[in-house]
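Read through the structure below, which is laid out as structure tokens, and then see the notes.
The values are calculated or read from the model by the stated rules, or taken from the named source; none is laboratory data. All figures in this text were calculated on a predicted structure; none of them were measured in a lab. Note that each Cβ is placed from the backbone with ideal geometry, even for glycine, and that neighbours are counted across all protein chains shown. Remember, those area values only see protein heavy atoms, side chains included, never the ligands or the DNA or RNA. Shrake-Rupley method; radii C 1.70, N 1.55, O 1.52, S 1.80 Å.
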Amino acid sequence: MADPTVSSIDGKLAEEFSIPTHVEEVKQKMAAFATQHASAGRRVVLITSGGTKVPLESRTVRFLDNFSSGRRGSTSAEYFIDSGYAVIFLHRHRSLYPYTRMFSTINMLDALQLKGGEEVVVDQQVLPDIAKVLKKYSEVKESGLLLPVEFNTLSEYLHMLKVAAQALSTIGSKAMFYLAAAVSDFYIPASDMPEHKIQSSDGPLQLSMKMVPKILSPLVKEWAPQAFVVSFKLETDASILLEKARRALDTYRHQAVVANLLETRQTSVLVVTLNTQAELLLTEDEVKKQVEIEEKIVSNLTAAHHVFITQQAG
Ligand code: 9Z3
């Protein structure tokens with residue numbers, strides 16, 4: 001019998017979140033990508049990355065956004081590829097992107113120089129590692145190990161994640177979900193949204209927003225029940241972080257939660273599973289050497305995924 005929570009979430013998704021026009025086409029692409037790589041003996045990870053945008057008007061002038069830069073997702077994508085995974089990178093349009101993320105703060109025109117009026121050369125002072133990164137990026141492009149898919153709004157994110165889960169269900173436990181995107185907890189349903197721009201002449205704005213359906217529930221129970229699923233938990237209050245991570249595991253029964261605090265997210269995380277918890281930290285020396293915490297997170301989770309696959313097979 002269908003789980004009532006799951007069917008009600010599915011119903012809400014269809015009714016209150018507009019379906020992107022190209023969702024079926026993206027689903028086919030993701031399914032083909034997953035099958036191709038799994039048949040070649042590779043594991044496949046779906047990474048979500050960046051923040052979701054929640055519109056306040058249907059002809060959107062204003063929206064609710066959040067801080068996420070996409071650093072966690074884009075950096076992790078590179079380490080997953082280095083670990084032999086094929087990566088579907090479901091990311092917010094214009095958030096940080098694997099490999100190019102290194103140059104996100106550079107003004108491209110400052111990195112180029114004109115020689116003889118026509119020829120353009122790269123200034124190695126501004127982009128010291130460009131050759132190394134370009135080589136790696138070209139290899140990855142050539143190998144077809146990275147499938148980028150974009151979203152902008154919360155609706156696009158939810159529908160894309162649903163079809164991704166369905167597309168990856170065909171490869172069973174070889175699929176990992178690494179849900180690092182910062183997803184809004186609140187939204188305004190399409191039916192309650194004003195069509196036109198909200199007018200300041202109507203006085204102070206009072207918003208009433210609904211709770212976003214907990215998509216992890218159908219993902220784990222129905223759409224991709226054999227996959228290895230990792231969610232992320234973000235807090236600003238350290239005293240509740242572990243308890244919130246444990247509660248998420250208890251509720252959804254998935255495989256791991258990566259728990260982090262806003263201020264220290266780049267140097268410290270907790271990887272929590274039903275029976276274990278591991279603190280991953282960067283030492284001062286590692287920070288100086290520009291070691292990235294995603295290297296440790298990915299190493300921890302790929303090892304756990306390996307054990308998971310072996311157990312499922314046995
Ligand atoms: C995270 O906790 C990510 O690690 C960050 C990464 C968003 C903090 P950046 O993109 O930041 O590198 O700047 N993601 C999950 C955030 C989230 O929305 N979690 C929900 C929650 O905590 C549950 S899925 O309730």
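Using a probe of 1.4 Å on the protein chains alone, the accessible area found for T5 is around 70 Å².
With protein chains left intact and a 1.4 Å probe, residues in segment 4-313 average 52 Å² of accessible area per residue. Of all the accessible heavy-atom surface of segment 22-179, with the other protein chains kept in place and a 1.4 Å probe, what percent is carbon and sulfur? C and S atoms contribute 52 percent here.
What number, in nm² with one decimal, is the all-direction average of the projected area of the convex hull of the alpha-carbon atoms of segment 5-100? Don't skip to the end; give the middle numbers.
Values: hull surface 33.5 nm².
If you wrap the Cα atoms of segment 5-100 in a convex hull and average its projections, you get 8.4 nm².
Projecting the Cα positions of N66, P98, Q36 onto the charge dipole of segment 19-118 (unit charges on Cβ atoms of Lys, Arg, Asp and Glu, taken about the Cα centre) puts N66 furthest along the positive direction.
Of the peptides 158-165, 257-264, the ranking by mean beta-carbon count within 10 Å, highest at the top, reads 158-165, 257-264. By definition, a body whose alpha carbon gyration tensor gives a ≥ b ≥ c is oblate when a/c is 1.5 or more and a/b is not larger than b/c, and segment 50-189 fits this oblate description.
Segment 34-62 and segment 221-277 have their alpha-carbon centroids 19 Å apart. Given the options L109, L13, L241, state which has the largest fluctuation in a GNM of the chain using a 10 Å cut-off (strictly under) for Cα springs. In the Gaussian network model the winner is L109. Scoring 269-279, 284-294 by mean Cβ neighbours within 10 Å over their residues and listing the highest first yields 269-279, 284-294. Taking the protein heavy atoms of segment 238-289 in the context of the full set of protein chains, the accessible area attributed to carbon and sulfur is 52 percent at 1.4 Å.
Comparing G41, G117, G84 in a Gaussian network model of the chain where C-alpha atoms under 10 Å apart are linked, the largest mean-square fluctuation is found at G117. Of all DSSP-defined beta bridges confined to the chain, some 35% are antiparallel rather than parallel. D250 contributes about 90 Å² of solvent-accessible surface, heavy atoms of the protein only, 1.4 Å probe.
Could you give the size of the charge dipole of segment 4-313 about its Cα centre, using +1 on the Cβ of each K and R and -1 on the Cβ of each D and E, expressed in debye and rounded to the nearest 20? Write out the running numbers ahead of the final one.
On the way: 33 positive and 35 negative charges, 128 e Å.
The dipole magnitude comes to about 620 debye.
Are there DSSP H segments in the chain that both extend 15 Å or more along their axis (alpha-carbon positions) and score a mean Kyte-Doolittle hydropathy of at least 0.0? List them, or say none.
Numbers: long enough: 4-16 (17 Å, -0.34); 23-39 (24 Å, -0.36); 71-82 (17 Å, -0.91); 130-143 (19 Å, -0.50); 154-168 (21 Å, 0.70); 238-252 (22 Å, -0.09); 293-313 (30 Å, 0.19).
For the chain, where a helix must reach 15 Å along its axis and average at least 0.0, the hits are 154-168, 293-313.
The relative contact order of segment 44-113, computed from alpha carbon pairs under 8 Å that lie at least 6 residues apart in sequence, is 37 percent.
Taking Cα atoms of the chain, Rg/Rh with Kirkwood Rh, to two decimals? Show your work: numbers first, answer last.
Numbers: Rg = 20.8 Å, Rh = 21.1 Å.
Rg/Rh for the chain comes to 0.99.
Given a cut-off of under 8 Å on Cα pairs at least six residues apart, what relative contact order in percent is computed for the chain? Relative contact order comes out at 21 percent. Among the listed pairs K29/K53; K132/K233; K174/K214; K132/K162; K27/K174; K136/K288, those with a Cα-Cα distance over 26 Å are K132/K233; K132/K162. Protein-only accessible surface at a 1.4 angstrom probe places the residues M193, M108, M102 in the order M108, M102, M193, largest first.
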